[in-house]
1. If ASN115 satisfies every condition in (1) of a type in the set (S, T, N, Q); (2) part of a helix (DSSP H, G or I); (3) open to solvent by 60 Å² or more (accessible area, probe 1.4 Å) but one, which is the exception?
2. I'm told GLY39 meets every condition in (1) touching a helix residue (DSSP H, G or I) at 6+ places or on another chain (Cβ under 7 Å); (2) in contact (Cβ under 8 Å) with a residue 24 or more places away in the chain except one. Can you identify the failing condition by its number?
3. Find all pairs meeting these conditions: Cβ atoms under 6 angstrom apart; at least six residues apart or on different chains; first residue within segment 24-35 and open to solvent by 70 Å² or more (accessible area, probe 1.4 Å); second residue part of a helix (DSSP H, G or I).
4. How about segment 13-25: which of its residues are over 14 Å from ILE53 (Cβ atoms) and in a helix (DSSP H, G or I)?
5. Going by the structure shown, is ARG8 under 25 Å from ILE109 (Cβ atoms), over 11 Å from the mean Cα position of the chain (by Cα), open to solvent by 80 Å² or more (accessible area, probe 1.4 Å) and not polar (S, T, N, Q)?
6. If LEU101 satisfies all but one of (1) in a loop (DSSP other than H, G, I, E, B); (2) surrounded by 14 or more Cβ atoms within 10 Å (Cβ to Cβ), what's the number of the condition it fails?
7. Considering every residue within segment 60-80, establish whether at least one is of a type outside the set (Val, Ile, Thr), open to solvent by less than 90 Å² (accessible area, probe 1.4 Å), part of a helix (DSSP H, G or I) and within 25 Å of HIS5 (Cβ to Cβ).
Amino acid sequence: MDANHFVRDLNDAKKLMRNEKYLDALCILNKLKEADKAGNFDYNLTHKLYQLISNSQSLYNQQRVLSVVKKISHEQRSISFIDLKEMLNKQENVELDEQILRREVEILILRSLLNCKIKGNDLVF
């Protein structure tokens, strides 16, 4: 793969991310990751690639967490991060480390997408 094709695919992944199609973006980015291993691309391109992978993965996780938490908040007043982790795994087939889950919830709260509080090891609605 040449650098122009690499840049074109990076831009395609960015467009998918803007349209909140994070899983599709991750598919492209993971192919680019393999191309990066096989090729010798400029550091700036490689840096952009891994930055987009990290952002896409985080936004995908947040999308899944938000989906599950919205359902839970209508039925319960609070949930522990351990229980939330299990529900994410069952309902969305997403397996996150508890610290990553906590970070994604914190980001959702900071983005004003979740209206809740973290108290100890619980999420309170």
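The values are calculated or read from the model by the stated rules, or taken from the named source; none is laboratory data. Note that the structure is a prediction, hence the values are computed from the model and not measured. Cβ coordinates were reconstructed from backbone atoms using ideal geometry, including for glycine residues, and neighbour counts include every protein chain displayed. We work out accessible area using only protein heavy atoms, side chains counted, and drop any ligands, DNA or RNA first. Shrake-Rupley method; radii C 1.70, N 1.55, O 1.52, S 1.80 Å.
1. So the condition that ASN115 fails would be (2).
2. (1)
3. Within 6 Å, the pairs are ASP24/LEU16.
4. Within segment 13-25, LYS15, ARG18 qualify.
5. Criteria not met by ARG8.
6. Only one criterion is unmet by LEU101, namely (1).
7. Yes: segment 60-80 contains one or more residues that are of a type outside the set (Val, Ile, Thr), open to solvent by less than 90 Å² (accessible area, probe 1.4 Å), part of a helix (DSSP H, G or I) and within 25 Å of HIS5 (Cβ to Cβ).
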